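Chemist: Can you read through this structure? Questions will come right after.
The values are calculated or read from the model by the stated rules, or taken from the named source; none is laboratory data. Please read these numbers as outputs of a predicted model, since none were measured by experiment. Using ideal geometry, Cβ is built from the backbone for each residue, glycine included, and neighbour counts are taken over all protein chains shown. Please note that ligands, DNA and RNA were not included when accessible areas were found on the heavy atoms of the full protein model with its side chains. Shrake-Rupley method; radii C 1.70, N 1.55, O 1.52, S 1.80 Å.
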Amino acid sequence: MGRVENVSGKESGGSLVRRILLGSQLRRLRESRGITREAAGYAIRASESKISRLELGRVSFKARDVEDLLTLYGVTDGQEREALLGLVREANIAGWWHSYGDVLPGWFQTYIGLEGAASLIRIYEVQFIHGLLQTEAYAHAVVTRGMPGAPAAEIDRRVALRLERQKVLVSERAPRFHAVLDEAALRRPYGDRAVMREQLKHLIEVSERPNVTLQVMPFSYGGHAGESGAFTMLRFPESDLSDIVYLEQLTGALYIDKREEVAQYDTAMDRLSADSPGPEESRDLLRGLLQLI
């Protein structure tokens with residue numbers, strides 16, 4: 001985990017997860033000693049809000065700050081200190097997506113890091129095909145529609161970023177990916193007929209990968225559990241990290257990790273999966289839609 005060699009591998013996404021894990025462990029140590037965030041901030045010459053951001057994994061760590069906090073929290077065992085300081089080194093590795101910072105909002109950088117570190121990704125999509133499943137031409141049409149008047153170079157950069165993200169599904173430690181696509185996402189045209197035909201063929205091909213489960217929620221089913229709109233659920237191999245629900249909005253994103261709230265989305269995803277045709281029947285639906293274009 002100490003090197004960034006494969007931009008589609010777990011190293012880059014794993015650094016963000018380690019930041020969150022380290023922050024969580026520091027919070028537990030602080031609370032177990034009955035130390036306030038204000039007092040912890042004073043010990044490292046920082047504000048209470050800085051401690052809050054550190055504990056949430058939203059900012060990078062300095063080794064000196066962590067050393068001072070560990071001393072304040074009474075962690076004197078050499079092995080325990082070194083294990084946590086090792087997390088600092090790994091947590092500060094920059095992800096591959098930082099090279100796209102010119103077209104990538106900060107709130108989405110967090111998501112890409114989590115997506116790259118997940119062992120299970122579950123999504124429900126209704127507006128368009130999910131970014132990890134888009135062809136280059138379809139992605140170009142989606143970005144162009146969403147950013148009218150944007151320079152061609154910027155659109156190309158955004159499409160390139162989306163294609164780079166997709167490498168996670170074929171990486172050495174690819175996550176399991178379970179997608180439920182509403183039929184509306186399949187019928188809503190982005191690009192011309194050729195683009196849509198290529199996209200549907202791509203979905204059929206991708207759905208046959210061993211780590212991918214793809215289901216279609218047909219119009220014929222009527223109302224269903226996805227009534228609140230699109231969402232993404234991420235699960236991680238680290239047992240200390242809870243599942244996260246990601247909800248994208250027009251100007252930002254919401255990350256939900258409270259157990260009782262995540263459980264509601266978990267139930268909704270289970271119901272969507274149970275109520276949708278299975279993978280083979282869903283491929284038949286895709287083939288049927290392909291015949292109509």
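Chemist: Give me D for the stretch 1-152 in µm² s⁻¹, whole number, from Stokes-Einstein with Rh from the Kirkwood sum over alpha-carbon pairs, 37 °C and 0.692 mPa s.
Modeler: 186
Chemist: Summing +1 for each Lys or Arg and -1 for each Asp or Glu, what net charge is found among the other residues whose Cβ lies under 13 Å from the Cβ of E227?
Modeler: Once positives and negatives cancel, what remains is -1.
Chemist: Please give the charge dipole size of the chain, origin at the Cα centre, charges +1 on K and R Cβ atoms and -1 on D and E Cβ atoms. Round to the nearest 20 debye.
Modeler: Dipole of the chain, to the nearest 20 debye: 520 debye.
Chemist: Using only Cα atoms, tell me the angle between helix 136-146 and the longest principal axis of the chain; keep it within 0 to 90° and round to the nearest 10.
Modeler: With both axes taken from Cα atoms, the answer is about 80 degrees.
Chemist: Let me ask something else about it. Using a ≥ b ≥ c from the Cα gyration tensor of the chain (square roots of the eigenvalues), is it rounded, prolate or oblate, where a/c under 1.5 gives rounded and otherwise the larger of a/b and b/c decides, a/b for prolate?
Modeler: In terms of gyration-tensor shape, prolate.
Chemist: Pull up the cross-link candidates among the aspartates and glutamates for K167, meaning alpha carbon to alpha carbon under 12 Å and not fewer than 8 places away within one chain.
Modeler: E115
Chemist: Please give the charge dipole size of the stretch 67-107, origin at the Cα centre, charges +1 on K and R Cβ atoms and -1 on D and E Cβ atoms. Round to the nearest 20 debye.
Modeler: 120
Chemist: Sticking with this structure for a sec: Which listed residue (T251, S273, S228) has the Cα farthest towards the positive end of the charge dipole for the stretch 226-289, taking +1 on Lys and Arg C-beta and -1 on Asp and Glu C-beta about the Cα centre?
Modeler: The Cα lying farthest towards the positive end belongs to T251.
Chemist: Helix 193-206 sits at what angle to the longest principal axis of the chain, using alpha carbons and giving 0 to 90 degrees rounded to 10?
Modeler: It works out to around 60 degrees.
Chemist: Is there a quick way to get the dipole size of the stretch 32-133? I mean about its Cα centre, with the Cβ of Lys and Arg at +1 and of Asp and Glu at -1; what is the value in debye to the nearest 20?
Modeler: The calculated dipole for the stretch 32-133 is roughly 180 debye.
Chemist: Another question about this same structure. Lys/Arg Cβ at +1, Asp/Glu Cβ at -1, dipole of the chain taken about the Cα centre: which of F177, A139, G101 is farthest positive-ward?
Modeler: G101
Chemist: Enter the accessible area of R33 (Å², nearest 10), with the probe set to 1.4 Å and all protein chains included.
Modeler: 110
Chemist: Provide the FRET efficiency to the nearest 0.05 for the L250-H224 pair, computing r from the beta carbons and using R0 = 22 Å.
Modeler: E between L250 and H224, to the nearest 0.05, is 0.35.
Chemist: Considering only protein heavy atoms, what is the solvent-accessible area of K258 at a probe of 1.4 Å, reported in Å² to the nearest 10?
Modeler: 120
Chemist: Below 8 Å, C-alpha to C-alpha, sequence gap of six or more: please give me the relative contact order for the stretch 199-293 in percent.
Modeler: For the stretch 199-293, the relative contact order is 37 percent.
Chemist: Further question on the same structure: Loop only per DSSP, at most 13 neighbouring Cβ atoms within 10 Å: give me the GluC sites (Glu not before Pro) in the stretch 168-202, ordered by residue number.
Modeler: Taking the stretch 168-202 and a limit of 13 other Cβ atoms within 10 Å, the loop GluC sites (Glu not before Pro) found are E172.
Chemist: Next up: For the stretch 90-205, treating each Cα as an identical point scatterer without solvent, what Debye log10 I(q)/I(0) comes out at q = 0.12, 0.18, 0.21 1/Å?
Modeler: -0.46, -1.04, -1.35
Chemist: Please enumerate, by chain and number, the aspartates and glutamates with C-alpha under 16 Å from the C-alpha of K258, excluding those fewer than 8 residues away in the same chain.
Modeler: Straight-line reach from K258, under 16 Å: E55, D240, D243, D266.
Chemist: Under 8 Å for C-alpha pairs, at least 6 residues apart: give me the relative contact order for the stretch 17-148, rounded to a whole percent.
Modeler: 24 percent.
Chemist: If you stretched the chain out fully between K201 and K50, how much longer would it get, using 0.36 nm times the residue separation minus the C-alpha to C-alpha distance?
Modeler: Contour length minus the Cα-Cα distance gives 49.5 nm.
Chemist: Relative to the longest principal axis of the chain, what angle (0 to 90°, nearest 10) does the C-alpha long axis of helix 78-91 take?
Modeler: 40
Chemist: Can you give me the accessible area per residue for the chain, using a 1.4 Å probe, in Å²?
Modeler: On a per-residue basis, 49 Å².
Chemist: Once you order the gyration tensor axes a ≥ b ≥ c over the Cα atoms, which shape class does the stretch 117-180 get: rounded for a/c under 1.5, otherwise prolate or oblate by comparing a/b with b/c?
Modeler: oblate
Chemist: Restricting to DSSP H runs of at least four residues, report the calculated mean residue ellipticity at 222 nm for the chain, -39500 (n - 2.57) per run over all residues, nearest 500 deg cm²/dmol.
Modeler: When only DSSP H runs of four or more count, the value is -16000 deg cm²/dmol.
Chemist: Right, here's the next one. Report the label-to-label distance for R89 and R28 in nanometres (one decimal), using points 7 Å from each Cα along the Cα→Cβ vector.
Modeler: Result: 2.3 nm between the two label points.
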